[in-house]
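For reference, the structure is listed below as structure tokens.
Values quoted throughout were computed directly from the atomic coordinates according to the rules given, and no laboratory measurement underlies them. On a predicted model such as this, the values are computed, not experimentally measured, just so you know. We place every Cβ from the backbone using ideal geometry, glycine too, and count neighbours over all the protein chains shown.
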Amino acid sequence: MDISPTADGAPLDTVLLRTFLEVVDSGSFATAAERLALTPSAVSGHIKRLEQIAGVSLLARTTRRLELTQAGETLYAYGRNILDLEREVRAKLRGAPLRGLLRVGASEDFAGTWLPQVLQRFRQWHPEATIDLKVGITADLLRQQERGRLDLVFGKQCSRVGRGGELLWEEPLVWAFAEDQALDLEQPVPLAVFPDPCIYRESSIGALNKSGRAWRVVFESSSMAGCLSAARSGFAVTVIADSQRAEGLRVLGSKEGLPALPVARFFAFARSDTPASAALIDAARRAGQQGRFSPRTLRG
């Protein structure tokens, strides 16, 4: 693709930049168009214009997929900061920051891994807002939300969570085990799992059953810290999202006779569309997506 900078050295347009980030985050032009209330051709035009302004290709196009170029990776990282600063400035200029109480529910793994980043971002934008947090299993939290006890729930989708939420991000699941111990390949796979229903549990047992590998549950806990401790000690194998890997753990795979796992999808379930919920959802999406996958692979 032949791209040259515009003669007047035009500054980066935040509208075009927002479209670019949405394409990367959503994984496709079509999904980005839907989220931005634009046509796919308009989204394509925004990307083309942004590439002309930048003077470089941002997306490498093949017959089956889109990938960020090195320049695209750079712009994505800086673009997040640019839009965050713009959001912060607008909030300060309006002089009317969000106030009041937001009742939030979060799955235990979400609360322990990503929530600190979410709250940090939200606090920067809305220092006068208050959050009341409850941690639990996604299905239970959604039942509390239906009873009017929670405004917003962050969690994973599973077979017993039938209602639709807003997709924040998705990432691979992996088998995690102690890095300094060997797994006995002659024995059924010892599993550390969350209570049912849980997408980690469903994915691990389903994959093992499909592959014909024997297994048994030797450790069950509603705490992510508990499951990670069981894995780190060599007591059991557990399934986690790829970004949850920590010191003392290694990833198991085909060498240990373990099947491939599907991706996990993380959602936000809002009781109603309020400015406070929208702001916290946006902070969660950015915390989960920023720098998580490199190089990024996008669907065409």
>> Can you compute 3J(HN,Hα) from phi for each residue in region 261-272, using the Karplus curve 6.51 cos²θ - 1.76 cosθ + 1.60 with θ = phi - 60°, rounded to whole Hz and x for Gly and Pro?
In response: 10, x, 8, 9, 10, 10, 10, 10, 10, 9, 5, 8
> Could you give the nm distance between label points at ALA60 and LEU185, where each point is 7 Å from its Cα heading toward the beta carbon?
Replying inline: 3.4
> What is the distance, in nm, between label points placed 7 Å from the Cα along the Cα-to-Cβ direction at GLU220 and at SER44?
Replying inline: 5.2
>> Please report the antiparallel percentage of the DSSP beta bridges confined to region 171-263, to the nearest 5.
In response: 55
> Which GluC sites (Glu not before Pro) does region 186-277 hold that lie in a coil by DSSP with at most 11 other beta carbons within 10 Å?
Replying inline: GLU186, GLU247
> Is the shape of region 171-263 best called rounded, prolate or oblate, per the rule: a/c under 1.5 gives rounded, else a/b larger than b/c gives prolate, else oblate, with a ≥ b ≥ c the square roots of the Cα gyration tensor eigenvalues?
Replying inline: rounded
>> Test of understanding: what is the full-extension gain from ARG271 to SER233, defined as 0.36 nm times their sequence separation minus their Cα-Cα distance?
In response: 9.7 nm
> When the chain is fully extended, how far beyond the present Cα-Cα distance does SER243 get from GLU86, taking 0.36 nm per residue of separation?
Replying inline: 53.7 nm
